Amino acid sequence: MKIIVCKDYEEMSRKAVELVAESLRETPAGLVSFAGGETPLGAVHAFADQVNAGEIDISRAHYVSLDEWVGLSDTDEGSCGLFNRVELLGRLEKPFAGAHVINGAAANIEDERRALDAYIAQHGPLTASVLGIGMNGHLGFNEDGVDFESDAHIIPLSDVTKRVMTKYFGEKFHPEYGISQGLRQIMAAKRVILIANGAHKAEILRQAVRGEVTNRVPASILQQHPDCYVVADAAAGAGL
Ligand code: PGA
């Protein structure tokens, strides 16, 4: 793992985009994925700005979303799909060659899971995957206890994730399951960029980076990735 501790959130976001841009220069027809949520917001905005400024060329690259709450579509408030559409894809004046955003409200969620596998198989492996870390160490919805060898899957949400998600939904929605790229697909990415900010992430990030590799802390598997960058702001990186 290559650890980069930045002075603040803006620098963390800029650094993450720099690493994605470098990957896309090497593999212009690659496959890119960004996590949704609070952490990557600055990075996806910076990425879109640089694409629009002609500094990053995505005309031959594809995009795939990381995960979704089962029950929510990309028009539902708090969904990862809405984040993808509004904060990233909708901002691009020069679009990706193609994009696949998971629909957590699909009538047949098993078909949706298969479609995610198929898209990654067709356009992958991932060139650059930008991930956040959950308070339980999850990557996407690879919750604690997940099988490291999984492809796309549907998984019960952990109690920690259910507690944290009130920041997205309040009492409006109580998802029980997530649909997610699997760790086998994430580990097959050419480059992984794990970003984290804020003091509340310091302890779980320390466990993921310095602790033993265990599926109790799914992000710890990234210690075995050949090109993984951990990019943290000063508060989240305090324990590294
Ligand atoms: P956050 O979520 O960016 O909202 O902190 C990270 C995660 O749960 O993966």
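The values are calculated or read from the model by the stated rules, or taken from the named source; none is laboratory data. It should be emphasised that the depicted structure is a prediction, and the values quoted were computed from it without experimental measurement. So basically every Cβ, Gly included, is an ideal-geometry build from the backbone, and we count neighbours across all protein chains shown. Side chains are part of the model used for accessible areas, which takes the heavy atoms of the whole protein and leaves out ligands, DNA and RNA. Shrake-Rupley method; radii C 1.70, N 1.55, O 1.52, S 1.80 Å.
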Practice problem: May I ask you to verify whether K190 is in contact with a helix residue (DSSP H, G or I) (Cβ under 9 Å, 6 or more places away or on another chain) and either open to solvent by 30 Å² or more (accessible area, probe 1.4 Å) or aromatic (F, W, Y) (or both)? | Solution: yes
Quiz prompt | Test set (1) within 16 Å of the ligand (Cβ to nearest atom); (2) at negative phi; (3) of a type outside the set (D, E) - G78 fails condition number | solution = (2)
Quiz item: Looking at the stretch 1-14, which of its residues are within 27 Å of S79 (Cβ to Cβ) and either open to solvent by 10 Å² or more (accessible area, probe 1.4 Å) or away from the ligand (no atom under 16 Å from the Cβ) (or both)?
Solution: Y9, E10, R14
Quiz prompt | Checking F173 against (1) in contact (Cβ under 8 Å) with a residue 40 or more places away in the chain; (2) touching a strand residue (DSSP E or B) at 6+ places or on another chain (Cβ under 6 Å), the condition it does not meet | solution = (2)
Practice problem: Select the strands (runs of 3 or more DSSP E) contained entirely in the stretch 138-240, then report the ones holding at least 1 residues which are more than 26 Å from S23 (Cα to Cα). | Solution: 153-156, 177-180
Exercise. Within the stretch 193-211, track down each residue that is surrounded by fewer than 18 Cβ atoms within 10 Å (Cβ to Cβ) and either hydroxyl-bearing (S, T, Y) or farther than 19 Å from M135 by Cβ (or both).
Key: none
Exercise. Please go through the stretch 145-180 and pick out each residue that is away from the ligand (no atom under 12 Å from the Cβ), open to solvent by 80 Å² or more (accessible area, probe 1.4 Å) and within 18 Å of G81 (Cα to Cα).
Key: K172, H174, E176, Y177
Exercise. Identify all residues within the stretch 104-119 that are in a loop (DSSP other than H, G, I, E, B), open to solvent by less than 50 Å² (accessible area, probe 1.4 Å) and not hydrophobic (A, V, I, L, M, F, W, C); write none if there are none.
Key: G104
Quiz item: Which condition does S129 not pass, out of (1) in contact with a strand residue (DSSP E or B) (Cβ under 6 Å, 6 or more places away or on another chain); (2) part of a loop (DSSP other than H, G, I, E, B), if it passes all the others?
Solution: (2)
